There are 2 protein chains.
Amino acid sequence: MVVSLGPGFPEYIIPRAQEALAEAQVVVGYQTYVDLVRPLLTDQEVVATGMTAEVKRCQVCLDRAGNGQRVALVSSGDAGIYGMAGLVLEMCAAQGLKVGPPEGGLEVDFYLEVIPGVPALAAGAALLGAPLMHDFVTISLSDLLTPWETIMKRVELAAQGDFVIVLYNPKSKKRDWQLGAVQELLLRHKDPATPVGIVCRAMREGQATMVTTLADVTTEPVDMQTIVIIGNSQTHAYGQYLITPRGYRDKYQGQVSGEKPGSRVRG
Amino acid sequence: MVVSLGPGFPEYIIPRAQEALAEAQVVVGYQTYVDLVRPLLTDQEVVATGMTAEVKRCQVCLDRAGNGQRVALVSSGDAGIYGMAGLVLEMCAAQGLKVGPPEGGLEVDFYLEVIPGVPALAAGAALLGAPLMHDFVTISLSDLLTPWETIMKRVELAAQGDFVIVLYNPKSKKRDWQLGAVQELLLRHKDPATPVGIVCRAMREGQATMVTTLADVTTEPVDMQTIVIIGNSQTHAYGQYLITPRGYRDKYQGQVSGEKPGSRVRG
């Protein structure tokens, strides 16, 4: 199982993930995230490794699952968004393993369930109010696995499409200039007054949010546990919130109780 | 409070949301979603309305919260992604209300907390394996609140940027041609063999997934409770899964236990 832990605090981990941890014989993960869920563990074996040992972690999971053990590979946020779900599946494929979901009824080397979670983009957006109410793009600024030109091209296309832009991995100890380069590029396409929300450590110890403008973004409060959300042309600040409207104005102004059919927000 | 319910089954609702429902005096929502959480309710007053009564629902919340009641406005998936968080904040702003988070210590007309959830895009991606492991865009095909030309422009820019593309609201009873139009446009930019995943009713009654190609997408299994995920140029099928790789191949081929620092998946 690949188990998403959500943003951090246990009240944000779905019951299915908590159950999967309880059922596991081995829990594998990055040290920081294993520590986060230790209160949820009993007598499971724990294999915790450092930051850059992703391949090693996945291999431990494949080996143990191949031996018939119930393994939980933990991943913060949602495991399917820049998380561990992809690498573990890539390695299964590269090693010719057959995997499938528990309910699939197929002949497999082992079962694999990806348990989703609250992604950082949703946790961060919730703290900012409602910045993601319209079409958005999610871009990682880490150029370790993606050429920088590709990242910049994507940022530019996102601006041309007036998408809300969510930036993951805006900065790390060794990468401190990327966010400034993105800001500079975006200022060529977007209003300098475009609202920007910065959320550090959403729903975990040390949580902080900040609302600023594209012109005033600084990298100071930003780190690896931060996401940055840049509004579209309609996004506006409201107190300490950001709102990206969705075209309802005609419906709630002047005719609050007589709206016509046709609006389409998911209830 | 705006309470995200996640995809559907109670094991996918975060504890914070369950607690918020338990604490509420009034629960407001679209009939279908209120029914979903009825087992979690005790003696709360329930105000359930039909599909297109979003403005009315929000106004009920504003009125009740203004009278000092604890209100939970429920929204499926994540309330911040095409959900109810935006409209309720828009209406607060339009009516000149002061709202803020419970821990803010500000003088407000009432407190407002947006509780995030597992969005449909994460639930659907989990069932498909790992299609969202690289930069992606999320686009709603509903042209009721957005001009169709804007939607098509965004689809085209997403293709040019080789983003993974997540389509919300691909079809409804009255809108049946949009997905075909998007497919036709994408076929001008992308390989017809590009893998596409279709997920209906992720983690709720009637769940179904399908992996196909861009050339073979049909609207047949698609409805309003469906999301469609279109791969980037690197996405490949693996059994019944989709994998969008993230540039790790050098790291896990041939040197499984000796990988170099520098990889950067969130643990």
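Structure summary
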| item | result |
| --- | --- |
| Where B meets A: accessible area buried, both sides, 1.4 Å probe, Å² | 9300 Å² |
| Residue-span extension gain [B:GLN234 to B:GLU11] - 0.36 nm each, minus C-alpha spacing | 77.0 nm |
| Label point distance in nm, B:GLN253-B:ASP35, each placed 7 Å from Cα along Cα→Cβ | 5.1 nm |
| Accessible area of the protein assembly as shown belonging to carbon and sulfur atoms, whole % at 1.4 Å probe | 49 percent |
| Surface per residue (accessible, 1.4 Å probe) for region B:47-186, Å² | 31 Å² |
| Other copies of B:PRO221: label-to-label distances in nm, shortest first, labels 7 Å along the beta-carbon direction | 4.4 |
| Long-range amide H partners of B:LEU41 with built H, under 5 Å | none |
| Phi-based couplings in Hz for region B:168-183 (Karplus 6.51, -1.76, 1.60; Gly and Pro marked x) | 9, 6, x, 6, 9, 4, 8, 10, 10, 9, 5, 5, x, 5, 5, 4 |
| Structure-based [θ]222 nm, the protein assembly as shown - -39500 (n - 2.57) summed over DSSP H runs of at least 4, per residue, nearest 500 | -8000 deg cm²/dmol |
| Neighbouring partner chain Cβ atoms per residue of B:5-17, average, 10 Å criterion | 5 |
| Neighbourhood charge, 14 Å Cβ-Cβ cut-off, centred on B:ALA158 and excluding it, Lys, Arg +1 and Asp, Glu -1 | 0 |
| Cα-centred dipole magnitude for region B:139-202, charges only on beta-carbon of K, R (+1) and D, E (-1), debye, nearest 20 | 300 debye |
| For B:THR49, residues with placed amide H under 5 Å, excluding near neighbours | B:GLY29, B:TYR30, B:GLN31 |
| Violating pairs (Cα-Cα greater than 29 angstrom) within the set A:LYS56/A:LYS98; A:LYS56/A:LYS171; B:LYS56/B:LYS153; B:LYS153/B:LYS173; A:LYS98/A:LYS174; A:LYS171/B:LYS251 | B:LYS56/B:LYS153; A:LYS98/A:LYS174 |
| Packing-based order for A:40-49, B:63-72, using average beta carbon neighbours within 10 Å, highest first | B:63-72, A:40-49 |
| Candidates B:ARG175, B:ARG249, B:ARG16, ranked by Gaussian network fluctuation over chain B, Cα under 10 Å, top entry | B:ARG249 |
| Amide H contacts under 5 Å for B:SER140, placed H, 5+ residues apart | A:ASP135, B:TYR168 |
| Dipole axis of chain A (+1 Lys, Arg; -1 Asp, Glu on Cβ), positive-most option in A:ALA208, A:GLN44, A:SER233 | A:SER233 |
| Phi-based couplings in Hz for region B:60-72 (Karplus 6.51, -1.76, 1.60; Gly and Pro marked x) | 4, 4, 4, 5, 5, 5, x, 8, x, 7, 8, 10, 10 |
| Table column - 3J(HN,Hα) (Hz), region A:187-197, Karplus curve with 6.51, -1.76, 1.60, x for Gly and Pro | 5, 6, 10, 10, 4, x, 7, 3, x, 10, x |
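The values are calculated or read from the model by the stated rules, or taken from the named source; none is laboratory data. Given the structure is predicted, the values throughout are model-derived calculations rather than measurements. No Cβ is skipped: glycine too gets one built from the backbone with ideal geometry, and neighbour counts run over all protein chains shown. We work out accessible area using only protein heavy atoms, side chains counted, and drop any ligands, DNA or RNA first. Shrake-Rupley method; radii C 1.70, N 1.55, O 1.52, S 1.80 Å.
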